[in-house]
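Input: a single structure, listed below in structure tokens.
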Amino acid sequence: MGMEAESQMREVKYAADISSIREAQARIKPFIHQTPVLSSESLNALAGRQLFFKCECFQKGGAFKFRGACNAVFSLDDDQAVKGVVTHSSLWDYHLILSSNFSGNHAAALSLAAKLRGIPAYIVIPKNAPKCKVENVIRYGGQVIWSEPTMQSRESTAAKVLQETGAVLLHPYNDRRIISGQGTISLELLEQQVPQLDTIIVPISGGGLISGVALAAKSINPAIRVLAAEPEGANDAAQSKAAGRIITLPETNTVADGLRAFLGDLTWPVVRDLVDGIITVEDKEIIHAMKLCYEILKP
């Protein structure tokens, strides 16, 4: 897919590109951690190939989300920024309302990025959100605005905050600035001189991470394969790829609660054109792989 991907990137205008990703890298460099790349001879032997793990679990905020949030916040001009930023959970987990889940990595990341810039972050959170997620938002300086655990309540509460404050609404993945920020992972990984890197495997949910990674990696080396990994219980991306259009699911069921969002209109074209394949795995495989990494991988 190397030459084909290179040709597509020239012909199709995606939400982000290598220029916006390089700009994001320069913008957020003073604020982010350069996360380590770990490897293990034991895991290499199990897989029958060399594996390298880009450990964004050591990023500020505990996840890659801080890259995109930081880029989005620091991209705002002063007149916009002073009014603050806002997000709410139904932007990314509206389909989880019945199971009352709240995935708060973007909320925490946005809170921290706003704190670093010295502006307010208004985070609309349902009253039944897990305590640990709410505590993360508060610890990073976000202002919690409570809503009822329904999409209607979350959206109306966020709309009220926007009207009262004039803050900027930031989507967790369907945003050029977010995608560009996540793409800095590829630039950093390739700068860390991982030998003979031929494939990058990225978890997929809303598609912000894999879109940025694919756009950056294939711009630098079109021969690099980019594969997505997705839980079988939330396999909308795999279904979308097969159908050639965005597929949403009536419900999702997976231990990977951060991988339950659906593709957006900005991320879908990148996934459609530049992601070479999607691997679906059972929850028991996810748990086993996590256990292996926790036990074997060491900084």
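The values are calculated or read from the model by the stated rules, or taken from the named source; none is laboratory data. Owing to the predicted nature of the structure, the values given are computational and were not obtained by experimental measurement. All Cβ positions, even for glycine, are placed from backbone atoms using ideal geometry, and neighbour counts span all protein chains on display.
Reported count of residues in the stretch 175-217, each being without any contact (Cβ under 8 Å) to a residue 12 or more places away in the chain and outside any helix (DSSP H, G or I), is 1. Test Glu164 against the stated conditions and say whether it is acidic (Asp, Glu) and under 22 Å from the mean Cα position of the chain (by Cα). For Glu164, the condition - acidic (Asp, Glu) and under 22 Å from the mean Cα position of the chain (by Cα) - is not met.
Would you pick out the residues in the stretch 130-154 that are surrounded by 22 or more Cβ atoms within 10 Å (Cβ to Cβ) and either among the hydroxyl-bearing types (Ser, Thr, Tyr) or at pLDDT below 90 (or both)? Walk me through it before giving the result.
Within the stretch 130-154, the subset surrounded by 22 or more Cβ atoms within 10 Å (Cβ to Cβ) is 137, 140, 142, 147, 154.
Selection gives Tyr140, Ser147, Arg154.
Okay, residues lined up against (1) among the aliphatic types (A, V, I, L, M); (2) at pLDDT below 95:
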{"residue": "Cys55", "(1), (2)": "no, no"}
{"residue": "Phe58", "(1), (2)": "no, no"}
{"residue": "Gly61", "(1), (2)": "no, yes"}
{"residue": "Ala69", "(1), (2)": "yes, no"}
{"residue": "Ala72", "(1), (2)": "yes, no"}
{"residue": "Asp77", "(1), (2)": "no, no"}
{"residue": "Ala81", "(1), (2)": "yes, no"}
{"residue": "Val85", "(1), (2)": "yes, no"}
{"residue": "Asp93", "(1), (2)": "no, yes"}
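Scanning the stretch 226-281 for residues that are surrounded by fewer than 17 Cβ atoms within 10 Å (Cβ to Cβ), β-branched (Val, Ile, Thr) and closer than 23 Å to Gly183 by Cβ yields one hit, Ile279.
This table checks each residue for (1) among the small types (Gly, Ala, Ser); (2) touching a Gly at 6+ places or on another chain (Cβ under 8 Å); (3) touching a residue at least 24 places away in the same chain (Cβ under 8 Å).
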| position | (1), (2), (3) |
| --- | --- |
| Val37 | no, no, yes |
| Asn44 | no, no, no |
| Ala47 | yes, no, no |
| Gln50 | no, no, yes |
| Phe58 | no, no, yes |
| Gly62 | yes, no, yes |
| Cys70 | no, yes, yes |
| Asp77 | no, no, no |
